[in-house]
1. If you build a Gaussian network model of the chain, linking Cα atoms that sit under 10 Å apart, which residue out of Pro177, Pro99, Pro277 swings the most?
2. What FRET efficiency do you get for Asp229 and Glu262 if R0 is 25 Å and r is their Cβ-Cβ distance, rounded to the nearest 0.05?
3. With labels modelled as points extended 7 Å from the Cα through the Cβ direction, what inter-label distance (nm, one decimal) is found for Glu151 paired with Glu27?
4. May I ask you to derive the relative contact order of region 26-152, considering only C-alpha pairs under 8 Å and at least 6 residues apart, and to give it as an integer percent?
5. Of Lys108, Lys205, Lys147, which has the largest mean-square fluctuation in a 10 Å C-alpha GNM of the chain?
6. In this model, which of Lys147/Lys209; Lys12/Lys144; Lys210/Lys230; Lys189/Lys265; Lys116/Lys230; Lys31/Lys298 are farther than 30 Å apart at the alpha-carbon?
7. log10 I(q)/I(0), Debye, Cα-only region 202-282, no solvent, q = 0.15, 0.18 Å⁻¹?
8. If amide H atoms are built 1.01 Å from N in the plane of the peptide, which residues on other chains or at least 5 residues away come under 5 Å of the amide H of Val174?
Amino acid sequence: MRILSGIQPSGKLHIGNYFGMMRPALELAQKGEAFYFIADYHALTSISNPDELRANALDVALDFLACGLDPSRTVFYRQSDVPQVTELTWILSNVTPVPMLENAHSYKDKIAQGLKPNAGLFTYPVLMAADILIVQSERVPVGKDQKQHVEMARDMAGAFNRQYGEVFTIPDAVIRPEVATLPGTDGRKMSKSYNNTIEIFGDEKAARKKIMGIVTDSQPVEAPKTGLDKNIPLQMYKLVATPDKANELQAKLAAGGFGYGEVKKELLAVLMDHFAPFRKKREELVKNLDYVHEVLRKGAERANAVADETMGKVRKAVGLR
Ligand code: ADP
Ligand code: TRP
């Protein structure tokens, strides 16, 4: 089974990215042939500073490796090292109806926020479909916000296959319901673009400040708390703590005399604990960047071989040489 996912190098890795996409993706990688990549072409839609793009791309490489990606099993590469995806993007754009792209939630959201869209932002889902289809991926582990993009990739693959014959595998999104959309500190979806994230590799002081600032309802400390299914610190705590610990904390809240401030302190402690080995690994990797670059070089080689094979079929099918 082929599995593929990507993450844009558009800012610092946060616990929404980790629990929503990275951890499920790393677990799924054990069950098949995984292709994970740094979506630097996609990041051009939001980053125009070359130094920033380069630095962020290296950050994503370090993050993935520190969080446990095994490069001897998983093909790990930079998207721009596989420029064949841009050729496939062009070819797929000819089986992609404009209204489908106009309907993309993330595109509509950005326009609603007042962004003046360029063609790159508009055709973003076609590039994403090319990423997926070029490796003939069957599974795509992502957070819920990417579901529609994966559905578009399915539509493009289907339209192409109907027009030119069976070339592409139809991919399926894999979304974990319990972490489909992790809320951020302000209650909206946690996202790099909202400044409501809890970073994984930032310093502890910053994490403490963010966690203490998480919005909660205003039931007083003494009250037996109700509506706990909507409590953000508890929801985050459940992702990291053992079920026993999580139940214990929930029971204390429900009993009263135990405030949200205590939950936040516990949350900080479990998060720091959980990510400590990853932080250590990342520090080691930073001292050994040659290794990281070598991993990406080898990953690019393997991804290129697969991409060339698909593109041979695609070019033949559409009548290009
Ligand atoms: P961001 O919204 O912070 O820019 P990205 O778009 O780079 O995040 O997302 C990278 C991956 O992490 C995607 O698979 C996305 O679905 C997932 N993801 C991002 N935010 C969350 C969240 N709050 N909850 C669950 N998954 C998320
Ligand atoms: N659009 C995805 C995001 O913002 C990143 C991405 C690019 C991706 N290409 C992909 C995810 C292919 C899965 C498959 O998170």
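The values are calculated or read from the model by the stated rules, or taken from the named source; none is laboratory data. Predicted model, so just to flag it, every value in this text is computed and none were measured. Neighbour counts are summed over all protein chains in view; Cβ atoms, including those assigned to glycine, are modelled from backbone coordinates with ideal geometry. Areas reflect the complete protein model, heavy atoms only, side chains present, ligands, DNA and RNA absent. Shrake-Rupley method; radii C 1.70, N 1.55, O 1.52, S 1.80 Å.
1. Sorting by GNM fluctuation, first place goes to Pro99.
2. For Asp229 and Glu262, the calculated efficiency is 0.85.
3. Modelled inter-label distance: 2.5 nm.
4. Reported as a whole number, the value is 29 percent.
5. The residue that fluctuates most here is Lys205.
6. Violating the 30 Å limit, Cα to Cα: Lys147/Lys209; Lys116/Lys230.
7. -0.53, -0.73
8. Close amide H contacts, sequence-distant or interchain: Val140, Val142.
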